[in-house]
1. Restricting to the protein assembly as shown, what percent of DSSP beta bridges are antiparallel, rounded to 5?
2. Using a 10 Å cut-off on Cβ atoms, rank the peptides A:55-61, B:42-48, B:458-464 from the highest mean neighbour count down.
3. Among the lysines in chain A, how many pairs, 8 or more places apart or on different chains, have alpha carbons under 27 Å apart?
4. Set the Förster distance to 41 Å, then compute FRET efficiency between residue A:50 and residue A:171 from the Cβ-Cβ distance, nearest 0.05.
5. Report, in debye and to the nearest 20, how large the dipole of segment B:233-329 comes out about its Cα centre when Lys and Arg carry +1 and Asp and Glu carry -1 on their Cβ.
6. Can you give the direction-averaged projected area of the convex hull of the alpha-carbon atoms in segment B:121-185, in nm²?
7. Largest first and in whole Å, give the semi-axes of segment A:8-77's equivalent ellipsoid, each being the square root of 5 times a Cα gyration tensor eigenvalue.
8. State the antiparallel share, in %, of DSSP beta bridges confined to segment B:141-284, rounding to the nearest 5.
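Any read-out appearing in this document is the output of simple, stated calculations on the displayed coordinates, not a laboratory observation. Small disclaimer: the values here were computed from a predicted structure and weren't measured. Using ideal geometry, Cβ is built from the backbone for each residue, glycine included, and neighbour counts are taken over all protein chains shown.
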Amino acid sequence: MRAFTQHTGLVCPLDRANVDTDQIIPKQFLKSIKRTGFGPNLFDEWRYLDVGQPNQDNSQRPINEDFVLNFPRYKGASVLLARENFGCGSSREHAPWALDEYGFRTVIAPSFADIFYNNSFKNGLLPIILSDEALDELFEQCEATEGYQLTVDLQAQTVTRPDGKQYAFEIDAFRKHCLLNGLDDIGLTLRDADAISAFEAGHRQRQPWLFRDA
Amino acid sequence: MSAKTLYDKLWDNHLVKQRDDGSALIYIDRHILHEVTSPQAFEGLRLAGRKPWRIDANIATPDHNVPTTKAERQGGLEAIADEVSRIQVKTLDENCDAFGILEFKMNDVRQGIVHVVGPEQGATLPGMTVVCGDSHTSTHGAFGALAHGIGTSEVEHVLATQCLVAKKMKNMQVRVEGQLPFGVTAKDIVLAVIGKIGTAGGNGHALEFAGSAIRDLSVEGRMTLCNMAIEAGARVGMVAVDEKTIEYVKGRPFAPQGAEWDRAVEAWKDLVSDADAHFDTIVELRAEDIKPQVSWGTSPEMVLAVDQNVPDPAVESDPVKRDSIVRALKYMGLTANQPITEIKLDRVFIGSCTNSRIEDLRAAAAVAKGRKVAASVKQALVVPGSGLVKAQAEKEGLDKIFIEAGFEWREPGCSMCLAMNPDRLESGEHCASTSNRNFEGRQGNGGRTHLVSPAMAAAAAVTGRFIDVRELMQA
Ligand code: SF4
C-alpha cells in the first residue's frame with residue numbers, strides 16, 4: 001500500500017450529502033475480475049449522460065458538463081470535499097479503489113459511513129473528518145478561487161489553507177501509523193515474517209507430510 | 001496441562017503469534033482457490049509486487065461458474081456461453097499458470113466442487129488448517145481439521161503470508177447419541193440440528209459434532225454435517241478423527257506414505273476432544289427422534305419432518321417470528337397448515353458440496369432404480385461433485401439408473417446450487433434440492449428451494465411431491 005505522509009493538491013467540491021457507494025461506482029462495474037480499472041467509472045451516473053457498461057471506451061461517451069468533476073478547473077483534483085455520510089450503502093471495496101485510481105488521495109467530509117471509512121484506510125485513501133463549519137468555509141473558498149489547493153499533513157494531523165489557516169483532525173493512532181508507513185493488513189503481518197518462518201520450520205519438522213515441495 | 005477440545009488443539013498447533021489486542025496469527029496449511037473469489041486477490045498481489053508465500057500449500061479448481069452440460073463442456077473455455085463466467089474461469093487458469101499453483105482445470109477428471117475435490121485428493125488431511133474463499137469450507141472439518149471460509153482480501157492475505165489474522169472462537173458441541181432410524185441420513189441430522197438451534201445458534205462458536213450417531217456415520221456423511229455448520233451460524237464444523245477418517249485418507253494422492261504415513265497416523269490419533277474438555281455450549285439430540293427433513297421456508301432453520309404441516313403464523317405469539325413466517329409462506333407459495341407431503345415439485349436437484357459424493361449418488365440411485373421421474377416434474381438433475389465421483393458412479397452403473405428413470409446426468413460443478421451458471425429455477429418453481437441454502441432467489445429469481453437428503457430428493461422426483469422415502473424403500 002502507498003504511504004500517506006503529506007499531500008498538497010487541487011481541491012474539487014462535491015456539494016452533496018449521503019453520497020452512496022453505488023453513486024461512487026455503480027453496480028454494473030462490480031462484475032469485473034479486477035481491482036483496477038474503476039477510475040474512469042467513478043461517479044459514472046453523474047459524469048456521463050448515458051448509462052455506462054463495463055469494458056466500454058469511456059472517451060467516446062457524452063459528458064455531463066454540469067457535473068463538478070467535469071469542470072475544466074477541477075481537472076487533476078486530488079482532494080475531494082464532500083458532505084455528511086459520504087460512502088454510505090453497500091460495503092463494496094470498489095468505491096475506494098475507484099476514488100484512488102481517479103487520483104484522489106484524500107476525502108474531507110463532516111462524516112463518513114463506517115465501512116467506507118475502514119475500506120479507505122485499507123487502500124491508502126485518507127478520509128478526514130472536519131466540522132460542518134470548517135467544510136462550509138472550505139467549500140466557499142474553493143468555489144471562489146480557481147486553482148484552490150489544500151495541504152494535508154498526516155503526521156501533524158492538519159489541513160492547511162492557502163492563506164495559512166489550519167484545521168486539526170482526529171485519527172486513530174494505529175490507523176495513522178499504518179498509513180504513514182504504507183502498511184496494509186498484509187504489510188503488517190509481513191512484519192512478523194520471521195516469526196512465521198520460524199513457526200513454519202518447526203511445523204515442517206513435526207508434520208513433514210503437510211509440505212509437498214520437499 | 002488442562003483438558004482441551006479438538007478445536008483448542010488445532011488452534012494451539014497453528015498459533016504463530018498472539019497479539020495484544022486479542023487477535024492472533026494462525027498458520028494456514030491448505031488454501032483452496034476457485035474462480036469467483038480469487039481474481040482480485042491475485043491482482044492485489046501483483047499490484048503490491050508480492051509473491052505467494054508457499055506455492056505448494058495452494059490448490060485450485062473452477063466450480064461455481066462452469067457449465068454442466070456435455071455440449072458446453074466439450075467446447076472448452078471458449079464454449080462457456082456467459083461472458084463473465086468465461087472470463088472468471090479463464091482468469092483462474094491464467095493466475096494459476098502464472099504463479100505455478102496446481103489447478104485441476106475445467107476438463108481435468110480431478111476437477112469438481114472445491115469441497116469435494118480437497119478431501120478426495122487427500123489435499124485435506126487431519127490436523128490441517130484449511131481455508132478457501134467460500135463459506136462452505138467448514139466441510140473439511142469432517143477430518144478433524146480446522147477449516148473455514150474467508151473473504152477476498154483474506155485470500156490475498158493467505159497467499160502473501162500463509163497466515164490469517166483470527167480471534168479464537170468459543171467451543172460448542174452438538175452431541176447426537178443413539179441409532180439413526182432406517183432412511184435417515186447425515187443431511188437429516190444437520191437439518192434437524194439447524195431447526196433446533198436456528199441459523200444463529202452457532203454464532204461465534206467452533207462446532208464439534210460428537211456422539212455415537214456421528215461416530216456411526218461414514219466420512220462422507222460427516223462432510224455433509226460439517227458442510228452445513230455454517231448454516232447453523234458456525235464458521236467451523238468438526239468431527240474428531242477415528243479409524244474411519246484414517247481409512248478414508250489412506251492412499252489418496254496427497255496423503256503421506258510409508259514411514260511418514262505411520263508417523264502421521266500416530267499424530268492424528270490425538271485429534272479428539274479430551275474427555276473432560278470444556279464446551280461453552282452443548283446441544284443434545286437423540287438419533288431415534290430424527291425423521292427425514294424438508295425445509296419449507298426461506299432459511300435453513302425453517303425445516304420440518306416430512307410428516308409435519310407447514311406452520312400457521314396465527315398461533316405464533318412472537319410478532320417478529322410471525323412476520324417471518326408470513327413472509328416465507330408468501331414467497332414459497334404455501335398456505336398455513338399445509339402438509340409437507342402436499343408440496344409438488346417442478347424441479348429436482350441432486351448435487352452441491354453438501355450431497356454430491358458417491359455415497360449420496362448411491363442413495364439417490366437406490367430410490368430411482370426401476371422408477372420414473374413423475375411427468376409433472378420438468379427437470380431432475382444429477383450433478384456429481386467431481387470428475388472422479390462421476391467416473392466412479394458410471395463404473396457402478398448409477399448413471400444408467402438415473403438416465404433410465406428420466407434424470408439428466410451432468411458434468412461436475414456447483415450447478416443449480418446457486419444461480420451463477422445456466423442451471424437455475426424459473427420464478428415460482430418448487431425444487432427439491434440436496435444443496436444447503438434456501439434463501440430467496442438462491443437457485444434463481446423467485447425460485448422456491450426445499451432442502452432435503454439425496455434419497456428424499458429422488459423420492460420427490462419419482463412421486464412429484466414430497467413423500468417419506470421410507471414408504472418407497474424397505475429396511
Ligand atoms: S456447491 Fe453451492 S454451496 Fe457448495 S461451493 Fe458450490 S455454490 Fe457454494
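1. 30 percent
2. Working: A:55-61: 11.0, B:42-48: 18.7, B:458-464: 26.0.
Final packing ranking: B:458-464, B:42-48, A:55-61.
3. Lysine pair count for chain A: 9.
4. On the way: r = 39 Å, r/R0 = 0.96.
For R0 = 41 Å, the calculated efficiency reads 0.55.
5. Dipole of segment B:233-329, to the nearest 20 debye: 480 debye.
6. Mean shadow area of the hull around the Cα atoms is 6.5 nm².
7. Semi-axes, largest first: 20, 14, 13 Å.
8. On the way: 0 of 14 bridges.
Of those bridges, close to 0 percent are antiparallel.
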